[in-house]
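Undergrad: This structure is in structure tokens; I'll ask about it shortly.
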Amino acid sequence: MTGIERPRRLRRTPALRRLVAETGLEPRHLVLPMFVADGLAEPREIGSMPGVYQHSMDSLRRAAAEAVGAGIGGLMLFGVPRPEDKDPLGRRASDPDGILNRGLRALSAEVGEATVVMADTCLDEFTDHGHCGVLDAAGAVDNDATVARYVEMAVAQAEAGADLLGTSGMMDGQVGAIREGLDAAGWIDTGILAYAAKYASAFYGPFREAVASSLQGDRRTYQQDAANRRESIRELELDLAEGADIVMVKPAMSYLDILRDVADRSTVPVAAYQISGEYAMITAAAEHGWIDRRAAILESLVGIRRAGADIVLTYWAAEAARWLS
């Protein structure tokens, strides 16, 4: 055979494949989401997410130090309050002594010089109805009242040591209001990681166990519809105009087309969140022996990077970082 194209030449050995790889995956690209729960003396494994834990304050520090030692790029912290500490306004979210702000202070003191400490700036873990905001008299989420609470929460998180605030509530105008509130309080260097495109997804299920969610109903009036694509660009452009420092697509694996769209248009770094249901699917398949666990994890992370993510939030961040190192 003469004149035939032979792309296989560059696939022949691991060294050749490594040399011509178009997409890189390094520990610095990975961010570890973590959960800290009030009242725990020991870490508690999350049943639907084997290998992931609700942490006590002590185990949070230890796990964070190990992850940072593996070279990960950052930590995203979620707080899990006691049931009796939840209320309609999610007051403990902005309380300096609330579990999330105590956890942020602990992380900042333990690893703050060596990594990027991020906070979930949303009310859902702290409200007794489980929604991401304040409800009006009719039981709907009140956008503007919720944004006012986000500003209070953001200032408290900045004071607790967060470097980046993850605006995950999908309220209109939240990024601009938080930016204005942070600047007015003197936190001009605290950044905003805007959840620009966050879809209402069936794959959030295990996360709701992780944060002991009290959700009643669903979040389809504020999170995006899975059928929509162009809408994500509108959300992106609004967040950029309001001052987002990083933008994020969530979920990742079922929304790689959205991630590519956002990456092609964003003027700031782009993150993607490999969410709890994605973690649970791969974990369950691997536990049954149906797939190669390590290969599937790395392939999924490379796929998210290939689609355009500069940063990947994943529950495998620490483990994958050790493999990559």
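Undergrad: Answer yes or no as to whether G71 is closer than 14 Å to V211 by Cα and in contact with a helix residue (DSSP H, G or I) (Cβ under 7 Å, 6 or more places away or on another chain).
TA: no
Undergrad: Pairs only if they're at least six apart or on different chains, beta carbon under 8 angstrom, first in the range 313-325 and closer than 19 Å to A280 by Cα, second part of a helix (DSSP H, G or I) and hydroxyl-bearing (S, T, Y); list them, first residue then second.
TA: From the range 313-325, the pairs are T314/Y279; Y315/S276; Y315/Y279; W316/Y279.
Undergrad: Output the qualifying pairs, or none if there are none: Cβ atoms under 9 angstrom, residues six or more apart or on different chains, first residue in the range 272-295 and over 17 Å from K250 (Cβ atoms) and polar (S, T, N, Q), second residue open to solvent by 70 Å² or more (accessible area, probe 1.4 Å) and at pLDDT 95 or above.
TA: Close Cβ pairs satisfying both conditions: T283/R293.
Undergrad: Next question, about the same structure. Give the range 220-243 a look and list any residue that's assigned to a loop (DSSP other than H, G, I, E, B) and either out of contact with any Asp or Glu (no Cβ under 8 Å at 6 or more places or on another chain) or of a type in the set (A, V, I, L, M) (or both), or say none.
TA: R220, T221, Y222, Q223, A226, A227, N228, G243
Undergrad: Then there's this: Please indicate, with yes or no, whether at least one residue in the range 44-58 is open to solvent by less than 20 Å² (accessible area, probe 1.4 Å), in a strand (DSSP E or B) and either closer than 15 Å to I99 by Cβ or in contact with a helix residue (DSSP H, G or I) (Cβ under 9 Å, 6 or more places away or on another chain) (or both).
TA: Yes, the range 44-58 contains a residue that is open to solvent by less than 20 Å² (accessible area, probe 1.4 Å), in a strand (DSSP E or B) and either closer than 15 Å to I99 by Cβ or in contact with a helix residue (DSSP H, G or I) (Cβ under 9 Å, 6 or more places away or on another chain) (or both).
Undergrad: What number of residues within the range 176-212 satisfy the criterion of being open to solvent by less than 40 Å² (accessible area, probe 1.4 Å) and either of a type in the set (A, V, I, L, M, F, W, C) or within 23 Å of L164 (Cβ to Cβ) (or both)?
TA: Residues meeting the conditions: 22.
The values are calculated or read from the model by the stated rules, or taken from the named source; none is laboratory data. All values derive from a computational prediction rather than experimental measurement. Methodologically, a virtual Cβ is constructed for each residue, glycine included, from the backbone with ideal geometry; neighbour enumeration extends over all protein chains shown. We work out accessible area using only protein heavy atoms, side chains counted, and drop any ligands, DNA or RNA first. Shrake-Rupley method; radii C 1.70, N 1.55, O 1.52, S 1.80 Å.
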